[in-house]
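Below is one structure, written out as structure tokens; the observations come after it.
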Amino acid sequence: MEHHFVGIPELTGLPRVAVVIDVMRAFTVAAWAFSRGVERIVLASTESEALALKESRSGWLALKDGAPAAGFDAVNSPGLLRSRDFAGRTLVQKTTAGTVGALAVANAPLVLCASFVVAGPTARFLQNEDSGPVTFVVTGEGGQADEDLACAEYIGQRMAGDDVEAAPYLHRARTSRAAADLAGGLRSGFHPDDVDLCLEIDRFPFAMVARREESLTVLRPVPVPDLPPPARGSG
Ligand SMILES: O=C(O)[C@H](CS(=O)(=O)O)OP(=O)(O)O
Ligand SMILES: [Mg+2]
């Protein structure tokens with residue numbers, strides 16, 4: 001399947017199919033939030049918009065990256081989210097790179113948000129849709145973040161077939177600048193397990209699709225079945 005890679009600053013016009021990648025940590029966090037019961041994630045462009053959205057609806061929660069802050073219910077850390085109970089909740093998310101990338105392409109006909117934890121389901125979703133050339137939006141470091149590039153390239157390979165060795169891609173992500181910063185405690189709102197949690201291949205069985213709903217950009221999980229096992233030979 002035809003695909004290419006762009007950073008947020010290089011986006012011109014709207015892609016037909018956009019896959020927005022943020023491994024560390026926005027779209028690992030989003031997947032964990034869904035696994036903990038979040039029903040939908042509303043993407044916000046600023047912290048003040050996130051707080052205003054939260055206040056506008058009863059029961060909504062807000063999450064941002066960086067240090068914990070007044071009015072926000074969670075931070076952008078899979079390690080800090082994984083034991084929370086978010087059953088049935090709507091979560092408003094604002095981060096530095098991931099949510100910015102998704103909002104930049106929010107009007108494209110098909111938008112997925114992805115990371116290693118949903119890599120396989122994302123690739124299978126795209127195979128099933130077969131809806132045209134795929135633009136991977138590499139959100140970190142102006143399109144140069146190696147953890148995001150490695151994940152985008154891995155999903156690109158898996159769109160062509162499931163038999164792709166993950167280890168080289170994970171090694172690139174584990175030795176990326178973002179991983180070093182996280183492991184070195186240079187980022188706020190951090191749990192010591194965050195890097196490992198961002199490097200789990202196919203932890204979750206769903207892809208994450210962003211759609212415009214009224215005036216909002218809303219991310220939801222879409223279950224994607226596993227490939228059937230190969231048929232047995234007749235002998
Ligand atoms: O929370 C993150 O990991 C980053 C923000 S920073 O680079 O740590 O300041 O945000 P994201 O949008 O998830 O890359
Ligand atoms: Mg990132």
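The values are calculated or read from the model by the stated rules, or taken from the named source; none is laboratory data. All figures in this text were calculated on a predicted structure; none of them were measured in a lab. A quick note on method: Cβ atoms are made from the backbone with ideal geometry, for glycine too, and the neighbour counts reach across all protein chains shown. Just so you know, the surface numbers come from the protein's heavy atoms only, side chains and all, with ligands and any DNA or RNA stripped out. Shrake-Rupley method; radii C 1.70, N 1.55, O 1.52, S 1.80 Å.
At a threshold of 8 angstrom on Cα-Cα distance, excluding pairs fewer than six apart, so keeping six or more, what relative contact order does segment 100-235 reach in percent?
Result for segment 100-235 is 34 percent.
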**Message:** Just the number please: accessible area per residue for the chain, 1.4 Å probe, all protein chains included, in Å².
**Reply:** 44 Å²
**Prompt:** When the dipole is taken about the Cα centre of segment 103-235, and only Lys, Arg (+1) and Asp, Glu (-1) are charged at their Cβ, what size is it in debye, to the nearest 20?
**Reply:** 180 debye
**Message:** What's the magnitude of the charge dipole for segment 189-230 around its Cα centre, counting Lys and Arg as +1 and Asp and Glu as -1 at the beta-carbon? Answer in Debye, nearest 20.
**Reply:** 300 debye
**Message:** Using 0.36 nm times the number of residues separating Asn107 and Ala70, minus their current alpha carbon distance, what extension gain do you get?
**Reply:** 10.2 nm
**Lys, Arg +1 and Asp, Glu -1 on Cβ, resulting dipole of the chain about Cα centre, debye, nearest 20** = 520 debye
**Fill in**
Simple spin-label estimate for His191/Thr96, 7 Å along Cα→Cβ, in nm, reads 2.1 nm
**Request:** For the chain, give the percent of accessible area contributed by carbon and sulfur heavy atoms, probe 1.4 Å, rounded to a whole number.
**Result:** 49 percent
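How much length is gained on full extension from His171 to Asn128, taking 0.36 nm per residue of separation minus their Cα-Cα distance?
Working: separation 43, 0.36 × 43 = 15.48 nm, distance 2.87 nm.
Difference between extended and current length: 12.6 nm.
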**Request:** Compare the Cα positions of Gly189, Leu170, Gly71 along the charge dipole of the chain (+1 at Cβ of Lys, Arg; -1 at Cβ of Asp, Glu; about the Cα centre) and return the one farthest towards the positive end.
**Result:** Gly71
**Prompt:** Length gain on complete extension for the stretch Glu2 to Val222, per 0.36 nm per residue less the alpha carbon to alpha carbon distance?
**Reply:** 76.9 nm
**Asked** Rounded if a/c is under 1.5, else prolate if a/b is larger than b/c, else oblate: which is segment 132-225, with a ≥ b ≥ c the root eigenvalues of its Cα gyration tensor?
**Response** oblate
**Whole-number percent relative contact order across the chain, with pairs defined as alpha carbons under 8 Å at least 6 apart** = 31 percent
**Complete:** Inter-part gap, Cα centre of segment 166-215 to Cα centre of segment 49-71, in whole angstrom, is 22 Å
**Request:** Estimate the FRET efficiency between Glu10 and Glu213 by the formula 1/(1 + (r/R0)^6), using the beta-carbon distance for r and 41 Å for R0, to the nearest 0.05.
**Result:** 0.90
**Message:** Quick check on packing: order 107-116, 190-199, 208-217, 16-25 by the mean number of other C-beta atoms within 10 Å, highest mean leading.
**Reply:** 16-25, 107-116, 190-199, 208-217
**Request:** Using only the Cα atoms of segment 3-53, build the gyration tensor, take square roots of its eigenvalues as a ≥ b ≥ c, and label the shape rounded, prolate or oblate: rounded if a/c is under 1.5, else prolate if a/b is larger than b/c, else oblate.
**Result:** oblate
